[in-house]
Amino acid sequence: MQAADRKPTTAVRADPVLVRINGAVKHFPIGGFGGLAVRAVDGVDLEIRRGETLGLVGESGCGKSTLARLVTALLPVTAGSIMFDGQDITRLRGSKLRRVRRRMQIIFQDPFASLDPRMTVGDILQEPLDNFSIGTVRERRVRVQELLRLVGLNPNFTNRYPHEFSGGQRQRIGIARALAVNPSFIVCDEAVSALDVSIAAQIINLLQDLQREFNLTYLFIAHDLAVVRHLSDRIAVMYLGKVVETADRNDIYDRPQHPYTKALLSSIPVPDPAVERERAPISLKGEIPSPVNPPSGCRFHPRCPIARAPGICSDVDPPLEPHGAEDQAAACHFAGQF
Amino acid sequence: MAQTLLQVEDLHTQFFTSRGVVRAVDGITFHVDAGETLGVVGESGCGKTMTALSILRLVPDPGKITSGRILFRGKEVTKMTDEEIRDFRGNDVAMIFQDPMTSLNPVTKIGRQIEEAMTAHERFTETLARGRVIELLKRVRVPAAESRVKDYPHQFSGGMRQRAMIAMGLSNEPSLLIADEPTTALDVTVQAQIIQLMKQLNRELGTAMMLITHNMALVASLCQRVIVMYAGRIVEEGPVEQIFNSPQHPYTWSLLRSVPRVDEARKDRLVSIRGLPPDLSNPPPGCKFHPRCPFVIDKCRTDPEPSLSEVGVNQVARCWVLMRNVTDEGVEAAKASALSKDAAAKLKAPVLEVEGDAGR
């Protein structure tokens with residue numbers, strides 16, 4: 001019950017859910033006859049609770065990053081709604097949208113590409129404060145130094161440029177920038193994937209400290225399941241634009257209900273030779289199908305080791321329903337039956 | 001007793017830059033036995049890749065092998081003529097790289113590229129090479145190999161490209177395959193397939209493998225023996241079980257505890273290694289790891305760098321302290337120091353007890 005311990009105590013709110021994604025769809029048209037489209041996100045229902053870290057995993061191309069951009073209103077949805085603290089952000093425009101955006105920030109994978117090389121660190125961190133007219137000029141300068149200290153950097157570095165920093169330090173600057181406007185919700189899109197192991201550990205620890213200190217809610221996206229399990233309270237698994245399973249971080253590992261989750265988990269090596277000798281990865285047939293023309297019925301059926309196809313699996317798309325442990329759901333006709 | 005395939009002795013590879021001499025590989029000695037799988041681990045910039053490139057004499061400018069010996073089956077690689085080294089690359093030692101897309105020619109068909117790798121060495125005639133291509137692609141489990149030889153690299157997925165690279169590497173039947181981060185750019189499910197493939201090939205063909213990676217879990221999965229590198233030096237070496245179960249160098253210990261495990265039930269705090277790897281043009285005095293070491297003692301700063309000493313059966317480590325001399329309290333304090341800056345200071349317990357004659 002780690003998540004419960006960290007719930008904000010000050011605000012008395014009935015709804016424990018901060019972000020509620022209902023049937024979110026994002027299609028990218030690619031032209032051609034019949035209006036072909038990349039169905040990057042194709043009907044996702046997901047809840048992100050206040051103060052928790054929800055981990056989102058899946059292979060490249062499954063729609064993780066697109067979902068992150070929908071949740072932060074950086075991309076408009078094709079259909080569906082995204083409720084942030086009771087407000088449907090897909091319908092907000094102008095100043096109302098700006099006000100919501102102040103409460104949600106995103107940290108990107110590549111700390112080299114996401115910082116303007118011609119701006120000093122001070123300017124980078126002050127820009128969000130300027131954008132939202134927070135505080136006086138003097139207060140902003142003090143805030144910048146405070147932000148640098150928060151992420152473990154020397155507060156006197158404000159006049160330096162991004163190239164003067166290492167990858168890990170740049171990622172700290174990216175985190176400081178996200179924190180500048182006091183958000184309540186931060187999306188970390190592969191935030192530690194580009195970093196060296198020892199540096200990644202520093203950033204992971206920093207993210208945990210900041211969450212505790214500021215009651216942050218995280219959506220943590222990564223392809224590294226070990227890192228996701230380490231940081232998350234709950235985990236959602238995506239496959240080809242859909243969420244196929246959600247569960248508590250331990251339940252999903254101990255009792256996966258969806259065969260894809262089980263295969264994904266079995267393919268991760270563990271740094272222990274004794275465990276490795278025993279581990280038998282479940283090998284999936286073939287490769288991820290194209291999101292332009294996903295398979296009929298359950299999208300996973302052509303690669304699934306337990307699929308009944310032709311049959312229910314190739315005919316009917318299974319809904320995400322409760323299976324297994326409390327708070328666990330899977331989209332599979334034969335959930336847990338393997 | 002297995003036959004020694006590759007013997008590297010006191011190898012130094014240096015880069016001569018305007019900022020000074022960068023000692024990328026700084027006096028390393030190791031060997032690879034025939035048919036074994038050796039893991040080389042460490043953070044970026046520790047000299048793993050430069051060691052591999054030195055073995056193949058492919059060190060880019062302004063780098064040079066300045067001293068040391070590289071013996072392959074007793075033959076000195078550093079003294080080979082251009083013709084001999086061309087023959088050596090591919091035939092004796094082949095290398096595969098992290099990103100298969102940049103290593104493949106985008107305008108040449110996959111099959112043709114594998115053929116070229118064979119005909120270049122004149123071991124196979126063109127007709128013979130063409131016949132072998134399909135067999136090789138089947139060996140690396142490329143489905144529908146007969147039709148896919150005519151594909152271009154962009155028609156292959158990342159995992160398939162890496163398989164094609166491995167097929168190319170194996171085309172001349174080398175006795176050693178060096179794989180530099182072969183799965184880092186791939187998805188976990190594909191990574192599992194490639195690692196499985198490398199295991200099978202090692203068993204079927206008896207090809208020795210040198211796996212260069214920062215991923216300790218891959219090493220645990222594939223390798224029999226491990227070399228841990230830091231700042232261009234070997235800091236620990238030994239059989240994989242010993243390295244993982246009783247690492248003696250604090251760097252190895254920290255590296256193992258800095259990565260989360262997918263099978264961990266509790267959200268334990270990660271041990272992060274403070275600071276950054278040293279600048280190799282101006283490394284710190286004494287033990288090169290001392291500025292980042294949680295178990296540092298005065299001797300580490302003042303005395304010359306310790307030599308590799310035996311710490312177990314076939315296990316050597318380069319450290320004055322060694323993890324077996326660190327008390328449980330010391331370990332807790334090191335974990336706590338990752339927790340917060342002042343938590344470690346609050347722990348008043350003795351951090352270290354060195355047994356035996358410490359002051360030599």
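The values are calculated or read from the model by the stated rules, or taken from the named source; none is laboratory data. A quick note: this is a predicted structure, and the numbers were derived from the prediction, not measured. Ideal geometry is used to build each Cβ from the backbone, glycine not excepted, and the neighbour counts take in all protein chains shown. For the accessible areas, the whole protein counts, side chains as well, though only heavy atoms, and no ligand, DNA or RNA atoms are used. Shrake-Rupley method; radii C 1.70, N 1.55, O 1.52, S 1.80 Å.
Going by what's in this entry, would B:ALA265 be described as in a helix (DSSP H, G or I) and either on the phi < 0 side of the Ramachandran plot or more than 10 Å from chain A (Cβ to nearest Cβ) (or both)? Against the criterion (in a helix (DSSP H, G or I) and either on the phi < 0 side of the Ramachandran plot or more than 10 Å from chain A (Cβ to nearest Cβ) (or both)), B:ALA265 does not qualify. What do you reckon, is A:ARG39 under 22 Å from A:ASP317 (Cβ atoms) and open to solvent by 60 Å² or more (accessible area, probe 1.4 Å)? Yes.
Exactly one residue among A:LEU284, A:LEU264 is aliphatic (A, V, I, L, M), within 27 Å of B:ALA144 (Cβ to Cβ) and touching a Ser or Thr at 6+ places or on another chain (Cβ under 6 Å), and that residue is A:LEU284.
Filtering region A:290-314 down to residues that are open to solvent by 30 Å² or more (accessible area, probe 1.4 Å) and within 13 Å of chain B (Cβ to nearest Cβ), which residue is modelled with the lowest pLDDT? Looking at residues that are open to solvent by 30 Å² or more (accessible area, probe 1.4 Å) and within 13 Å of chain B (Cβ to nearest Cβ), I get A:SER290. Can you work out which of the residues in region A:49-67 that are within 22 Å of A:TYR253 (Cα to Cα) and within 12 Å of another protein chain (Cβ to nearest Cβ) is surrounded by the fewest Cβ atoms within 10 Å (Cβ to Cβ)? If we take residues in region A:49-67 being within 22 Å of A:TYR253 (Cα to Cα) and within 12 Å of another protein chain (Cβ to nearest Cβ), then A:SER60 is surrounded by the fewest Cβ atoms within 10 Å (Cβ to Cβ).
If you check A:VAL12 against the conditions, is it closer than 26 Å to A:LEU179 by Cβ, modelled with pLDDT under 95, more than 17 Å from the chain's Cα centre (by Cα) and in a loop (DSSP other than H, G, I, E, B)? Spelling it out, A:VAL12 is indeed closer than 26 Å to A:LEU179 by Cβ, modelled with pLDDT under 95, more than 17 Å from the chain's Cα centre (by Cα) and in a loop (DSSP other than H, G, I, E, B). The conditions of being under 23 Å from B:ILE55 (Cβ atoms) and either touching a strand residue (DSSP E or B) at 6+ places or on another chain (Cβ under 8 Å) or more than 8 Å from chain A (Cβ to nearest Cβ) (or both) are not met by B:VAL296. Scanning region A:198-210 for residues that are in contact with a Ser or Thr (Cβ under 9 Å, 6 or more places away or on another chain) and among the acidic types (Asp, Glu) turns up at least one hit. B:LEU205 satisfies every condition listed in (1) within 14 Å of chain A (Cβ to nearest Cβ); (2) open to solvent by 30 Å² or more (accessible area, probe 1.4 Å) except (1).
Looking at B:LEU211, is it in the same structural domain as B:GLY90 (by TED's automatic domain parsing), crowded, with 22+ Cβ neighbours inside 10 Å, closer than 30 Å to B:PHE15 by Cα and not acidic (Asp, Glu)? For B:LEU211, the condition - in the same structural domain as B:GLY90 (by TED's automatic domain parsing), crowded, with 22+ Cβ neighbours inside 10 Å, closer than 30 Å to B:PHE15 by Cα and not acidic (Asp, Glu) - is met. Residue under question is B:VAL22, and the condition is that it be surrounded by 20 or more Cβ atoms within 10 Å (Cβ to Cβ), closer than 22 Å to B:VAL316 by Cα and of a type in the set (A, V, I, L, M); does it hold? No. When B:ALA333 is tested against (1) within 14 Å of another protein chain (Cβ to nearest Cβ); (2) at pLDDT below 90, only condition (1) is not met.
Could you list all residues from region B:243-261 that are assigned to a loop (DSSP other than H, G, I, E, B) and touching an Asp or Glu at 6+ places or on another chain (Cβ under 9 Å)? Result: B:PRO247, B:GLN248, B:HIS249, B:PRO260, B:ARG261.
May I ask you to verify whether B:ALA179 is among the small types (Gly, Ala, Ser), within 18 Å of the chain's Cα centre (by Cα), at pLDDT 85 or above and within 27 Å of B:PHE88 (Cα to Cα)? Here the answer is yes, as B:ALA179 does meet what is asked. Within region B:228-245, the residues that satisfy the criterion of being within 12 Å of chain A (Cβ to nearest Cβ), open to solvent by 10 Å² or more (accessible area, probe 1.4 Å) and out of contact with any helix residue (DSSP H, G or I) (no Cβ under 7 Å at 6 or more places or on another chain) are B:PRO239, B:GLN242, B:ASN245. Entry remark, region A:245-274: residues being open to solvent by 10 Å² or more (accessible area, probe 1.4 Å), in contact with a helix residue (DSSP H, G or I) (Cβ under 6 Å, 6 or more places away or on another chain) and either modelled with pLDDT of 95 or more or more than 8 Å from every other protein chain (Cβ to nearest Cβ) (or both) number 1 in total. Hey, any hits in region A:91-109 for a residue that's of a type in the set (A, V, I, L, M), in a helix (DSSP H, G or I) and within 18 Å of A:VAL41 (Cα to Cα)? There is no residue in region A:91-109 that is of a type in the set (A, V, I, L, M), in a helix (DSSP H, G or I) and within 18 Å of A:VAL41 (Cα to Cα).
Screening region B:172-202 for residues that are more than 10 Å from every other protein chain (Cβ to nearest Cβ) and among the acidic types (Asp, Glu) and picking the one that is nearest to B:HIS121 (Cα to Cα) gives B:GLU173. Going by the structure shown, is B:ARG225 among the basic types (Lys, Arg), within 12 Å of chain A (Cβ to nearest Cβ) and either surrounded by fewer than 24 Cβ atoms within 10 Å (Cβ to Cβ) or in contact (Cβ under 8 Å) with a residue 12 or more places away in the chain (or both)? Spelling it out, B:ARG225 is indeed among the basic types (Lys, Arg), within 12 Å of chain A (Cβ to nearest Cβ) and either surrounded by fewer than 24 Cβ atoms within 10 Å (Cβ to Cβ) or in contact (Cβ under 8 Å) with a residue 12 or more places away in the chain (or both).
Considering only region A:220-232, I want to know if a residue exists there that is of a type in the set (D, E, K, R) and either farther than 27 Å from B:VAL41 by Cβ or over 16 Å from the mean Cα position of the chain (by Cα) (or both). For region A:220-232, residues of a type in the set (D, E, K, R) and either farther than 27 Å from B:VAL41 by Cβ or over 16 Å from the mean Cα position of the chain (by Cα) (or both): absent.
Selection within region A:189-212: residues that are touching a residue at least 24 places away in the same chain (Cβ under 8 Å), open to solvent by 20 Å² or more (accessible area, probe 1.4 Å) and part of a helix (DSSP H, G or I). The member of this set that is nearest to the other protein chains (Cβ to nearest Cβ) is A:GLN202. All of B:VAL32, B:VAL59, B:VAL25, B:VAL40 fail the test of being β-branched (Val, Ile, Thr) and part of a loop (DSSP other than H, G, I, E, B), apart from B:VAL59. When B:PHE88 is tested against the conditions (1) in a helix (DSSP H, G or I); (2) at pLDDT below 90, the lone failure is (2).
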